[in-house]
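Data first, discussion second: the structure below is written as structure tokens.
Rule-based calculations on the coordinates, nothing more; no lab input. All figures in this text were calculated on a predicted structure; none of them were measured in a lab. Every residue, glycine among them, receives a Cβ derived from its backbone with ideal geometry; neighbour counts consider all protein chains shown.
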Amino acid sequence: MSGADFFGDNDAINVLMDDRIPVDVGKAKAEHASIKSALEQAGVKVVQVASPPNCQDGVYTANWALVRNGTAVMSRLPNKRSPEEAYALKALQDQRLQIKTLPPEVRRFSGQGDALPCGDILFTQSPFRTTTDAHPYLKEWLGFRELIALRTKPARWFNFGPAKKNKLTGWPDSPTYDIDLALAVLKWPADGQKGLIAYCPAVFRRSSREFLRQYDAVDKIEVSWHEALKAFALNLVSTGGTVIMNSGAPKFQAALEAHGLRTVALPLPELRKGGGSIRCTTLTLDN
């Protein structure tokens, strides 16, 4: 984790941000501290690094890389976030990780925000913040047995017109621009048991939605559009026993507890103004 010292939403680089709504940095820092505390109480070791100077989105460390087995594949971030890339590289080198850099022709990769490990399975999406030409490198370099490429729905003008592009980045936009807003990994497969994921069927394109419903390698919890997009319910961290999640998703929280998971629900309205929350503020180093 880094910090919320420079957090803001002046550069509205995703459709969930509104630069007309001011950010209270003090409140954001308190929310960030509550995430760190909840993780540590759940038994997670948190490595704290300083906030990247003058980077409003530097709090969202999940987008810096994808890490597995001591190797970090570095991200390719939108133009307004590109100053974070060198900072993230140094921060992960300091953790003694082997660094892999995607070839120049791979223009977009959003790190763990858009690539969620579930044991030997990797759930990814495209095309908003990650292009499909990144996928073979992730699978080969990090040793995943299966890479599942999914697609969520784009943002559209008036909900039915042409797909939107973000006016600052020029990249395609979506309310679930990163997959960690649409899908969450709750348990990895282990000891002959399936893994467990949660996902919001309403945000996926039909082909991906049908694939997930039929996919049998993991058990699944379906989450409503309202809880996924209004409460950021799926932007969570799970230890496999404890789930640190946003408050405001009571149906999903009850479903988690019915699966034997302990839940810790945090109110995080300030950090959500940036279009991210708990999963976004954490980069896992030991996948």
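Amide H neighbours of Ala233 under 5 Å, at least 5 residues apart or on other chains, H built in the peptide plane: list them.
Residues meeting the amide H criterion: Ala228.
Within the set of other residues whose C-beta is less than 13 Å from the C-beta of Val23, count the net charge using Lys and Arg as +1 and Asp and Glu as -1. Don't jump to the answer; show the numbers that get you there.
Details: positive: Arg20, Lys27, Lys29, Arg272, Lys273; negative: Asp5, Asp9, Asp11, Asp18, Asp19, Asp24, Glu31, Asp57, Glu270.
It works out to a net charge of -4.
Sorted by mean Cβ packing within 10 Å, highest first, what order do the peptides 252-258, 197-203, 18-24, 52-58 take?
Descending mean neighbour count gives 197-203, 52-58, 252-258, 18-24.
How much net charge surrounds Arg76 when only the other residues with a Cβ under 12 Å from the Cβ of Arg76 are counted, with Lys and Arg +1 and Asp and Glu -1?
Cβ neighbours under 12 Å give a net charge of -1.
Give a residue-ordered list of calculated ³J(HN,Hα) values for segment 237-251 (Karplus: 6.51 cos²θ - 1.76 cosθ + 1.60, θ = phi - 60°; whole Hz; x for Gly, Pro).
10, 10, 8, x, x, 10, 10, 9, 9, 6, 6, x, 10, x, 5
After finding the eigenvalues of the alpha carbon gyration tensor for the chain, what semi-axes result from the square roots of 5 times each, listed largest first in whole Å? Spell out each step's value before the answer.
Values: eigenvalues 114, 94, 93 Å².
Rounded to whole Å, the semi-axes are 24, 22, 22.
Please arrange Lys230, Lys100, Lys45 by how many other C-beta atoms lie within 10 Å of their C-beta, fewest to most.
Lowest count first: Lys45, Lys230, Lys100.
Check Ser174: other-chain or 5+ apart residues with amide H under 5 Å from its amide H, H built from backbone geometry?
Long-range HN contacts for Ser174: Val15, Ala155.
What ratio of Cα Rg to 2.2 N^0.38 Å holds for segment 33-164? Numbers along the way, then the final one.
Values: Rg = 15.8 Å, N = 132, 2.2 N^0.38 = 14.1 Å.
Expressed relative to 2.2 N^0.38 Å, the Cα Rg reads 1.13.
Considering the options Leu138, Ile13, Gly3, tell which one lies farthest towards the positive end of the dipole of the chain, charges being +1 on Lys and Arg and -1 on Asp and Glu at the Cβ, about the Cα centre.
The Cα lying farthest towards the positive end belongs to Ile13.
Suppose every K and R has +1 on its Cβ and every D and E has -1 on its Cβ; what is the size of the dipole of segment 186-228 about the Cα centre, in Debye to the nearest 20?
Details: 7 positive and 6 negative charges, 38 e Å.
With only Lys, Arg, Asp and Glu charged at Cβ, the dipole is about 180 debye.
What ³J(HN,Hα) values, in whole Hz, does the Karplus curve 6.51 cos²θ - 1.76 cosθ + 1.60 give for segment 123-132 when θ = phi - 60°, with x put for Gly and Pro?
8, 10, 8, 8, x, 5, 10, 9, 9, 5
Which entries of Lys139/Lys165; Lys45/Lys273; Lys187/Lys251; Lys230/Lys251; Lys164/Lys230; Lys139/Lys220 show an alpha-carbon separation above 25 angstrom in the structure shown?
Flagged as over cut-off: Lys139/Lys165; Lys45/Lys273.
On the Cα set of segment 99-245, report Rg and Dmax in Å, please.
15.3, 48
Whole-Hz Karplus ³J(HN,Hα) for segment 165-178, in order, using 6.51 cos²θ - 1.76 cosθ + 1.60 and θ = phi - 60°, x for Gly and Pro?
In residue order, the calculated couplings are 10, 5, 5, 8, 9, x, 8, x, 10, 7, x, 10, 4, 10 Hz.
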